[in-house]
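The values are calculated or read from the model by the stated rules, or taken from the named source; none is laboratory data. Because the structure is predicted, anything quoted here is derived from the model rather than measured. So basically every Cβ, Gly included, is an ideal-geometry build from the backbone, and we count neighbours across all protein chains shown. Surface areas here come from the heavy atoms of the whole protein model, side chains and all, with no ligands, DNA or RNA. Shrake-Rupley method; radii C 1.70, N 1.55, O 1.52, S 1.80 Å.
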Amino acid sequence: MAMKLLSGDTRLVCELALCPLALVFWSILGVRALDNGLARTPTMGWLHWERFMCNLDCQEEPDACISEQLFMQMAELMVSDGWRDAGYDYLCIDDCWMAPERDSKGRLQADPQRFPSGIKHLANYVHSKGLKLGIYADVGNKTCAGFPGSFGSYDIDAQTFADWGVDLLKFDGCHCDSVVSLENGYKYMALALNRTGRSIVYSCEWPLYLRPFHKPNYTDIQYYCNHWRNFDDVYDSWESIKNILSWTVVYQKEIVEVAGPGSWNDPDMLVIGNFGLSWDQQVTQMALWAIMAAPLLMSNDLRQISSQDKALLQNKDVIAINQDPLGKQGYCFRKENHIEVWERPLSNLAWAVAVRNLQEIGGPCPYTIQISSLGRGLACNPGCIITQLLPEKVHLGFYEWTLTLKTRVNPSGTVLFRLER
C-alpha cells in the first residue's frame with residue numbers, strides 16, 4: 001500500500017532501533033547486506049491486498065475477511081488447482097493481520113479472533129502444502145492501516161518472523177518521520193533479517209516512498225532488497241495498469257539495468273481474474289509483467305476464478321519468459337502509430353517480443369516490423385524460429401533476417417512472441 005511519507009524533518013532520527021544502526025550497520029560494510037541467495041528468478045505467488053484489502057468483518061463476510069481461514073483455503077487451492085506446480089509458491093499476507101498492540105514482550109502478534117491459531121501454526125500448515133509464507137510489516141511507527149509499525153523493533157520483529165517460519169517479508173513505508181529514517185530503516189531490516197539465519201525474501205517499497213523527495217539510489221536499493229515497488233498501488237482497473245506501464249517506459253533507463261537475479265523491479269500485483277480488465281487487457285498485463293521480469297503475485301479469489309483466466313495465469317510459455325534464468329528485464333524500444341514494441345533478452349540467445357496496441361477504439365490494428373530490428377539486430381541473425389504465445393499459441397515458423405513480421409493487435413491488447421535462434 002502507498003501512503004505519503006511524513007515530510008518536514010529530514011534529520012537522522014537516531015533513537016530506538018536506529019541507535020544500534022550506527023554501531024552495527026557500518027561495522028559490516030564490505031559484506032553484501034542482503035546476500036540471501038533468494039529470488040534468483042522473480043517471486044511468484046498470491047498476495048491478499050488488492051482483492052481483499054483490510055476487511056476485518058468476519059461476522060458479515062467470513063469468506064472475505066483477513067483471517068487464517070482465508071489463507072488456509074487459498075493454500076489448499078494453490079495445491080489442488082495447480083498453482084504451486086505452475087510456480088506460484090508464496091502465499092503472502094498483507095496489512096491488517098496484526099493485533100492492535102504488541103504483546104507483553106514487545107513482539108508483534110496476530111489478531112486473536114481472526115488468527116486464533118497464530119502465524120506459526122499457519123506457516124506450518126502452508127509449509128505442509130509445499131508452499132512458503134509471506135508476511136507484512138512497516139518501516140515506520142504504524143502500518144498503512146494503523147497497526148503497529150516496526151520502527152524501534154526491527155531486530156525483534158525480524159527474529160519473530162524467523163521464529164514463526166516466515167519466508168518473505170513485504171516491508172511497507174508508511175508513517176515514517178523522515179527520509180533518512182526511511183532509508184536507514186530499510187537497510188537495517190535487511191541486516192536484521194540476515195542475522196536471524198533464516199532465508200527470508202525481502203520485498204521493499206523504498207523507492208516508492210523516497211521518489212517524492214529525491215531520486216532513489218537504485219544501487220543501494222538492489223543491494224539490500226530482493227524486489228522493490230517504484231510506483232503507485234495497482235487497482236483493478238485498466239487505467240491503473242496503463243499508468244504503471246507508462247511510468248515504467250518513462251523511467252526505464254533508470255530501473256532496467258539494476259534488475260537481475262535476486263533483485264527485481266516490482267510493478268505490483270496481477271489483477272487477472274477480478275472484475276476491472278477485459279480479456280485483452282488481462283493478456284497485456286500478463287505479457288508485459290513477463291517482459292518486465294516482474295514478481296508474479298496474484299491478488300484474486302482462487303475460489304472463483306474462471307478457467308480462461310486460470311489458463312492465462314498458468315501459461316507455461318509465458319511463465320518461462322518471466323522466470324528466464326538470464327534475469328534481464330525487458331524494455332520498450334519503439335513507439336509509433338499507437339503501437340509499443342517491447343523486447344527482453346532470454347537465455348540461449350532467445351528473445352521475447354511484445355507488440356501492444358495503445359488504442360482503445362476501433363478493431364484489431366495491423367502492424368509490421370522488420371525482423372532485423374528485433375533483439376538489437378541479433379535475435380534473428382541470420383534467422384530464427386518465431387512462436388506467438390499470446391493471446392493464443394501459434395507456431396509461425398522460420399524467419400530470415402531480411403523478412404518482416406506481420407501481426408494484428410486488438411485494442412488495449414498485446415501479442416507476445418518468442419524468438420529462438
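Given the condition closer than 29 Å to residue 154 by Cα and open to solvent by less than 10 Å² (accessible area, probe 1.4 Å), answer yes or no: does some residue in the range 238-253 qualify?
Checked against the condition, which is being closer than 29 Å to residue 154 by Cα and open to solvent by less than 10 Å² (accessible area, probe 1.4 Å), the range 238-253 yields no hits at all.
Within the group 163, 172, 167, which residue is charged (D, E, K, R) and over 19 Å from the mean Cα position of the chain (by Cα)?
Exactly one of 163, 172, 167 is charged (D, E, K, R) and over 19 Å from the mean Cα position of the chain (by Cα), namely 163.
So which of 357, 410 is within 27 Å of the chain's Cα centre (by Cα) and surrounded by fewer than 21 Cβ atoms within 10 Å (Cβ to Cβ)?
One residue alone meets the criteria, 410.
I need a count of the residues in the range 107-139 that are aliphatic (A, V, I, L, M) and under 16 Å from residue 67 (Cβ atoms).
Of the residues in that region, 7 qualify.
Kindly indicate the residue of the range 401-421 that is of a type outside the set (A, V, I, L, M) and free of Cβ contacts under 8 Å to residues at least 60 places away in the same chain and also nearest to residue 379 (Cα to Cα) among those meeting that condition.
401
For the range 121-146, give me the residue count where each residue is open to solvent by 20 Å² or more (accessible area, probe 1.4 Å) and touching a strand residue (DSSP E or B) at 6+ places or on another chain (Cβ under 8 Å).
Number of matching residues: 3.
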